[in-house]
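Worksheet: one structure, shown below.
The values are calculated or read from the model by the stated rules, or taken from the named source; none is laboratory data. Note that the structure is a prediction, hence the values are computed from the model and not measured. All Cβ positions, even for glycine, are placed from backbone atoms using ideal geometry, and neighbour counts span all protein chains on display.
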Amino acid sequence: MEIRQIKELIDKATAARGFAYAPYSNFLVGAALLTCKNQIYTGCNIESASYSPSNCAERTAFFKAVSEGERDFLAIAIVGGAKLSPVKQLCPPCGVCRQVMMEFCDVENFKIILGISSEHYSIFNLIELLPMGFGPKNLALEGN
């Protein structure tokens, strides 16, 4: 990936963070998902008072993209932190979000960009954050 693309994804994730609905945790997360067609889908975390129906920013971005027919993804940028302070640390995706990524992404090549800012970030391949993950290939039957 080009540095220009990385910075754009982090900037869009940071902007998406501003739309987060997190009145219970006050932890705001934004994500920007890049497709193989160079489209970017953003998402933010959306909480619910009963907690379990809450949705993470990463899944919001994926679900928006998949609901519009996208199935091929290159990278996602994630930016998150406490509501009333600047982002100070990397915000890795939760296990459920990693599992959704496993469903749609090439574990060896899909990039997960964890950003503090467009100048401070780390990049991982999905397999680094979800080693030995269970995905669609595990369900493939021989000969099919």
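A few comments on the model shown:
- Residue match in the stretch 28-45 (condition: part of a helix (DSSP H, G or I) and β-branched (Val, Ile, Thr)): no
- Residue satisfying condition, being hydrophobic (A, V, I, L, M, F, W, C) and closer than 21 Å to Gly133 by Cα, within set Phe27, Phe19, Phe73: Phe73
- Test: residue in the stretch 101-112 that is closer than 23 Å to Ile6 by Cα, among the polar types (S, T, N, Q), more than 11 Å from the chain's Cα centre (by Cα) and not in a helix (DSSP H, G or I): yes
- Residues located in the stretch 27-55, provided they are within 11 Å of Gly80 (Cα to Cα) and either surrounded by fewer than 23 Cβ atoms within 10 Å (Cβ to Cβ) or without any contact (Cβ under 8 Å) to a residue 24 or more places away in the chain (or both): Phe27
- When each of Leu9, Leu33 is tested for being within 10 Å of the chain's Cα centre (by Cα), under 13 Å from Ile113 (Cα atoms) and not acidic (Asp, Glu), the lone residue that passes is Leu33.
- Within the stretch 89-138, the set of residues being touching a residue at least 60 places away in the same chain (Cβ under 8 Å) and within 21 Å of Asn38 (Cβ to Cβ) comprises Lys111, Ile113, Gly115, Ser118, Tyr121, Ile123.
- Long-range neighbours under 6 Å by Cβ, at least six apart or interchain, first residue more than 13 Å from Ala61 (Cα to Cα) within the stretch 9-26, second basic (Lys, Arg) and surrounded by fewer than 14 Cβ atoms within 10 Å (Cβ to Cβ): Asn26/Lys83
- Gln99 falls short of the stated requirement of being polar (S, T, N, Q), modelled with pLDDT of 95 or more and closer than 20 Å to Lys12 by Cα.
- The set of residues in the stretch 1-27 being outside any loop (DSSP other than H, G, I, E, B) and not charged (D, E, K, R) consists of Ile3, Gln5, Ile6, Leu9, Ile10, Ala13, Thr14, Ala15, Ala16, Tyr21, Phe27.
- Exclusive hit being surrounded by fewer than 19 Cβ atoms within 10 Å (Cβ to Cβ), within 25 Å of Ile3 (Cβ to Cβ), aliphatic (A, V, I, L, M) and out of contact with any helix residue (DSSP H, G or I) (no Cβ under 9 Å at 6 or more places or on another chain), set Ile123, Ile127: Ile127
- Selection of the stretch 81-100 for residues being under 11 Å from the mean Cα position of the chain (by Cα) and part of a strand (DSSP E or B) yields an empty set.
- Selection of the stretch 52-82 for residues being at pLDDT below 95 and closer than 19 Å to Phe19 by Cα yields only Pro53.
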